[in-house]
Amino acid sequence: MTAVARITAIDRFIKGCKEDGIYDDLNAACVMAGWDSLAGALTPLKGAAPTNSGFLAADFDRCVGLKGDGSSKYLDTNRANNADGQDDRHAAVFVSEPERAPNFGIYLGCPYATGTTHFGRASSPDTDLLFRFVTTDASFAVNAGDSFGLIGASRNSGSSFAVRYSQDGDSYDVASQTPSSDNLFAYRRTSDSSVTNATLAFYSIGSSLGSDPATGLAALDARVSTLMADLRAIEEAGFDKDAIAYLRAVEEADGAFLETSVKVAVNNLVSGLKADGLWESMASTCLLCGPRTLAGALVPLRGDAPTAYGFVDGDFNREGLAGDGSTTYLDSGQNIGSPENHHLACYITSKPTSSPVFVGSDNTALQRYLLYCNTTADETRAISGKLGTAYFGGAGSLEAGFKGMSRANANNFQARSNATTSSVTSEAGDETSLNLFVFAKNQNGTAAQLGPTNMAFYSIGTSLDLAKLDSHITAYVTAIGAAI
């Protein structure tokens, strides 16, 4: 079925390009996503096969294509820069994940010389895209360095050329020069620092796309984008609809597509939570590991997005978000709800070095809902309701992993750490309108008891089975660790 679906997707792409009158302009082209192997990714759609320099099977992913390393890996397309007319040419790539600033990375290019061609993320300013198209003159797409999707250029005039990025177009009045004879490379211009760490899923080189370069680039953009959506849909066949909605929102926030293994991990998590009756209890939930960026990590799996205070991109990596212990925290936007029906949970990725609150609110110590730690006693602790401290897990329970508490009645609550659940006798408190903070507690509107916590997940909602939630979240965090 998968093979048939891929054939259908490629057939749709080729027929569409022919209908648009641009297929014959694709003189060298590779579709580098959708296949089962690196060899499949390097099989040309048209023209000569590229020569692989350094890419390994591990660099390939069916959903996103081939990942550059930013230092040495590239493809020689075996298409010379002067193989197409000086004023009758196009070059394009589909970027699944862009070069990340402040790096200078060329997506497609040849050595710098008179009549050179290359485009990619600029070095200065590194927020821009750089275009040179058979000219030494540089043209910049301002603030477009994070663009993903189709990026390309097309020329049918000696005085100007059209460009395409972010599903939009532009043009530059730059005269062409006699093209250099060097081969065009994907992922680099030369062997210097211009090698990109971007992920590419497609490239094409050839003649100008139809009679109007801008229209031709727009048509190619539409066809390649549809092809990539079709190929991603093959990998997502049978996925839960809520998992797909979350993945799309994360990809939009990340400005990049997610790998197959990451998407499978998310779908397995969502499907598992639903199968065990946990999904509806999770009113406010974020997966702080898996996405590519801080913006993606703050996309909620359920509920509203949290408000971040103090966090910067450097606080996040794909295994979790790190609090600094003094200024950084999240306002979940969610209060405790019913004092007799609630849960708080998180997954920490390293042992805390101070005694922060993981998730909590504190109404002048009269109504307290806290999941926190005590490093002196090496304990994870929880409070739910009125005054009084109840800890669980005992010594050693601060090791990395799942931490949670859940209350379903007025008399006691369950608490879990280090794969052990304890029952705590504790009277439920009164309702409080304070939002729960993450990486801190909300003490009457002020963030308090912050700590340098590394966290991969949090959830707030109604009561649920902590052991089942632990199982699913631990499996997810493990899967993400293996995937990235």
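The values are calculated or read from the model by the stated rules, or taken from the named source; none is laboratory data. Quick caveat, the model's predicted, so the values are computed rather than measured. So basically every Cβ, Gly included, is an ideal-geometry build from the backbone, and we count neighbours across all protein chains shown.
Results, tabulated for the structure shown:
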{"item": "Condition met for VAL134 (β-branched (Val, Ile, Thr) and without any contact (Cβ under 8 Å) to a residue 24 or more places away in the chain)", "result": "no"}
{"item": "Filtered residues of the stretch 323-344 (kept if modelled with pLDDT of 95 or more, of a type in the set (Ser, Thr, Tyr) and part of a strand (DSSP E or B))", "result": "TYR329, SER332"}
{"item": "Residue pairs meeting the criteria (Cβ under 8 Å; at least 6 apart or on separate chains; first more than 21 Å from CYS63 (Cβ to Cβ), in the stretch 3-20; second at pLDDT below 95)", "result": "ASP20/GLY210"}
{"item": "The stretch 256-276, subset in contact with a helix residue (DSSP H, G or I) (Cβ under 8 Å, 6 or more places away or on another chain) and not in a helix (DSSP H, G or I), residue surrounded by the most Cβ atoms within 10 Å (Cβ to Cβ)", "result": "PHE257"}
{"item": "Residues of the stretch 47-59 satisfying the condition of being without any contact (Cβ under 8 Å) to a residue 24 or more places away in the chain and assigned to a strand (DSSP E or B)", "result": "ASN52, SER53"}
{"item": "Residue in the stretch 181-188 that is over 26 Å from LYS67 (Cα atoms) and in contact with a Phe, Trp or Tyr (Cβ under 9 Å, 6 or more places away or on another chain) present", "result": "no"}
{"item": "Whichever residue in the stretch 285-302 is surrounded by fewer than 24 Cβ atoms within 10 Å (Cβ to Cβ) and among the small types (Gly, Ala, Ser) and, among such residues, is farthest from the chain's Cα centre (by Cα)", "result": "ALA295"}
{"item": "Residue, modelled with the highest pLDDT, within the stretch 345-366, restricted to residues that are surrounded by fewer than 16 Cβ atoms within 10 Å (Cβ to Cβ) and of a type in the set (Val, Ile, Thr)", "result": "THR353"}
{"item": "Residues located in the stretch 401-419, provided they are more than 20 Å from THR462 (Cα to Cα) and surrounded by fewer than 16 Cβ atoms within 10 Å (Cβ to Cβ)", "result": "ALA419"}
{"item": "Residue list for the stretch 179-188, restricted to those being assigned to a loop (DSSP other than H, G, I, E, B) and more than 26 Å from the chain's Cα centre (by Cα)", "result": "PRO179, SER180, SER181, ASP182"}
{"item": "Any hit, the stretch 37-45, residues being in contact with a Phe, Trp or Tyr (Cβ under 8 Å, 6 or more places away or on another chain), within 16 Å of ALA219 (Cα to Cα) and buried (at least 21 other Cβ atoms within 10 Å of the Cβ)", "result": "no"}
{"item": "Number of the exception - LEU247 against (1) buried (at least 22 other Cβ atoms within 10 Å of the Cβ); (2) in a loop (DSSP other than H, G, I, E, B); (3) of a type in the set (A, V, I, L, M)", "result": "(2)"}
{"item": "Which listed residue, of SER207, SER181, SER225, is at negative phi, crowded, with 17+ Cβ neighbours inside 10 Å, touching a strand residue (DSSP E or B) at 6+ places or on another chain (Cβ under 7 Å) and assigned by TED's automatic domain parsing to the domain that holds GLY120", "result": "SER207"}
{"item": "Selection from the stretch 112-130 of residues that are among the β-branched types (Val, Ile, Thr) and within 23 Å of the chain's Cα centre (by Cα)", "result": "THR127"}
{"item": "Cross-chain or 6+ apart pairs with Cβ under 7 Å, the stretch 251-279 first and basic (Lys, Arg), then in a helix (DSSP H, G or I)", "result": "LYS263/GLU235; LYS263/LEU247"}
{"item": "Checklist (1) out of contact with any strand residue (DSSP E or B) (no Cβ under 9 Å at 6 or more places or on another chain); (2) on the phi > 0 side of the Ramachandran plot applied to VAL4, failing item", "result": "(2)"}
{"item": "Pick from the stretch 438-480, criterion surrounded by fewer than 20 Cβ atoms within 10 Å (Cβ to Cβ) and of a type in the set (Ser, Thr, Tyr), ranking: farthest from ASN418 (Cα to Cα)", "result": "THR446"}
{"item": "Filter result (touching a residue at least 40 places away in the same chain (Cβ under 8 Å), of a type in the set (A, V, I, L, M, F, W, C) and not in a strand (DSSP E or B)) within the stretch 298-322", "result": "LEU298, VAL299"}
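Table: residues versus (1) touching a residue at least 60 places away in the same chain (Cβ under 8 Å); (2) of a type outside the set (S, T, N, Q); (3) surrounded by fewer than 24 Cβ atoms within 10 Å (Cβ to Cβ).
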site	(1), (2), (3)
HIS118	yes, yes, no
SER124	no, no, yes
ALA144	no, yes, yes
GLY149	yes, yes, yes
ASP168	no, yes, yes
